[in-house]
There are 2 protein chains.
Amino acid sequence: MKIFYSDLHFQHAPAFEVFDGGVRVPTFEVPERAERILAALRKTGWAEIHPPIDFGLDSILAVHDRDYVEFLASAWTEWLATDPEAESATDKSALLPATFALRGQAHRPKSLLGRAGYYMMDLSAPIVAGTYAAALASANCALSAAQAITHTTSTFALCRPPGHHAGKSHCGGYCYFNNAAIAAHWLSAHGKVTLLDIDYHAGNGTQDIFYERGDVLSISIHADPAFEYPYYAGYAEERGAGAGLGFHHNFPLPAGTGDEEYLTTLNAALHLIREFQPTALVISAGMDIYSEDPLGKIRITREGIRQIGARIAELRLPTAIIMEGGYNNDALGDNVVAFLGEFE
Amino acid sequence: MKIFYSDLHFQHAPAFEVFDGGVRVPTFEVPERAERILAALRKTGWAEIHPPIDFGLDSILAVHDRDYVEFLASAWTEWLATDPEAESATDKSALLPATFALRGQAHRPKSLLGRAGYYMMDLSAPIVAGTYAAALASANCALSAAQAITHTTSTFALCRPPGHHAGKSHCGGYCYFNNAAIAAHWLSAHGKVTLLDIDYHAGNGTQDIFYERGDVLSISIHADPAFEYPYYAGYAEERGAGAGLGFHHNFPLPAGTGDEEYLTTLNAALHLIREFQPTALVISAGMDIYSEDPLGKIRITREGIRQIGARIAELRLPTAIIMEGGYNNDALGDNVVAFLGEFE
């Protein structure tokens, strides 16, 4: 299997994120995640690891608003240039906003801190010196995987940072560019595409991007946002709008969901995919569904993860598998290998 | 002059707020602010200090959405009851969200942390044990001041916490209930009302509440949100909507604005008020316009503050003056006395 990986991800290494209650914690989304996956893949006999091709900004701008992309490109330099006293920003180790453009209408402001709270929805996607370079490389891994399945069966993009929480014009939840959505859009030029998101958290960014599109069927199976991040999207009644009505599906799961219930839900999703008859499949592959994940509250075993892979592979579609979350570093590599091993 | 004050404000004393960059700092909005003002008022010969009358919830629900008020009422108890491990909330000294319902549509979630980011727009309005009780008492001070001007010339509500950043269904910027808006709405039952906001920061909450109302003329003079909090509202082109079109006015000022330029702007606002011919006036009186304020970037002297008071008093309208911001504690009491001293 062709694997696309760039070590530019090391340049994105924020030291912390901020949890509820205003508490700084060491971030869970660390470079070690990709290192562990890479090490596990290298031990298999089938992983061919390639650097990504540079697709340029156009493939990203097809999915994200230009002003948002420009914000990501310049935010770090602007942050360093702000007057620390004037902006009351005494620690510049990472850019995080303190004020957010809440629900409803909001004027787009000129200042850096105003734009930060306009484009960032939470305190888990800090911007540091190498964030933009790493996010670009991550998107190029996904695009390379998408291009590769036009002449092979399945590929894997070892993306870091992940992508599925990033919307048209916002980052959040460790995500900056929506790698899977960028790949799915690229593939949509060649036929109907399905994007299936199995990450533990609802793919709110992907939902935002494809909500009004009927040529990309987007499906997300995830922890119920009634109790879990990202809270404000991912509900069963959100089924698309306009030309996209009926082409988005959310399958929220209760805390504690095990293999059996998960696979039953997956079967319902696979049924929708078969009916849609796509020419290509993109998988947002988060391994935080794993029973021992520090951020997850559902309980999928490694054997369950293998079976999820096997059932998706039975669709026999060209499939680009895009790495998303998963924070149990000791298990992460083996979980990814168990999943990918079911694909040809 | 009748002054309304409740020492229930002491129950609202968060230890910190979070600034840009994810930095905890000691909060600027401290109980000492009200103590200093009270001490300065007690030294004058004219301040008659009264406890507020309890107006009940209906006067607050006339301005704020019920679900938001219910959130404020129960948030602290719910926060204490959350499983610290499950919610990754290791420090419960104050409730602050880490994820926010950004621009556009957002599903209203059931969970406490989801609702926190739905109703709270920044990291400067933490909820602690006594927040709700203090906010209720603060609103009652404003209502008491409003009621008093139906049979006297001018009154002062020594409100803490302040209110003008609180919208129909959000808190932020040290504000929970919009005391001045609650007072203005109460007065609107008796005739046309003008709410003039002279706090350094744009009164985005007040703008939100009265934006579609033509019976309350709302005017805010403030630091340009292009560079200053609250960033997403307070621009000159925002002039109301529907029945309220033309009945909201923002006067954004550049950093460094001095007395002379400020008073010229104030004259334009006073002209609008004279044309509107209200029967009552509510002032959101923030003293963070003061040249030595630690959060402000404009440069109004104490003599300038006195002149602002004098010019407003020349309107000879029944006037309820509501305390908002002001964070130079050494100067705060004298600034308030200089302002109030111009009113009968």
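The values are calculated or read from the model by the stated rules, or taken from the named source; none is laboratory data. Source: prediction; values computed, not measured. Quick reminder, even Gly has a Cβ in these numbers, built from the backbone with ideal geometry, and neighbours come from all protein chains shown.
For the reader, a short list of remarks on this structure follows.
- Residues that are aliphatic (A, V, I, L, M), farther than 22 Å from B:Gly296 by Cβ and away from chain A (no Cβ under 14 Å) within the stretch B:1-37 comprise B:Met1, B:Ile3, B:Leu8, B:Ala13, listed in sequence order.
- Elements of type strands (runs of 3 or more DSSP E) in the stretch A:213-290, at least 3 residues being more than 26 Å from B:Leu102 (Cα to Cα): A:280-285
Per-residue answers, yes or no, for (1) of a type in the set (D, E, K, R); (2) more than 20 Å from the chain's Cα centre (by Cα); (3) closer than 23 Å to B:Leu61 by Cα:
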residue	(1), (2), (3)
B:His185	no, no, yes
B:Asp197	yes, no, yes
B:Pro225	no, no, no
B:Phe247	no, no, yes
B:Phe251	no, no, no
B:Asp259	yes, yes, no
B:Leu272	no, yes, no
B:Ser284	no, no, yes
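- Every test in (1) touching a helix residue (DSSP H, G or I) at 6+ places or on another chain (Cβ under 8 Å); (2) surrounded by fewer than 24 Cβ atoms within 10 Å (Cβ to Cβ); (3) within 11 Å of another protein chain (Cβ to nearest Cβ) is passed by B:Leu96 save one, and that test is (2).
- Condition met for A:Glu344 (in contact with a helix residue (DSSP H, G or I) (Cβ under 9 Å, 6 or more places away or on another chain), at pLDDT 95 or above and not hydroxyl-bearing (Ser, Thr, Tyr)): no
- From the list A:Arg33, A:Arg42, the one residue that fits, being in contact (Cβ under 8 Å) with a residue 60 or more places away in the chain and in contact with a strand residue (DSSP E or B) (Cβ under 9 Å, 6 or more places away or on another chain), is A:Arg33.
- All told, B:Val18 falls short of being part of a strand (DSSP E or B) and surrounded by fewer than 22 Cβ atoms within 10 Å (Cβ to Cβ).
- Some residue of the stretch A:61-73 being within 19 Å of the chain's Cα centre (by Cα) and farther than 22 Å from A:His9 by Cβ: yes
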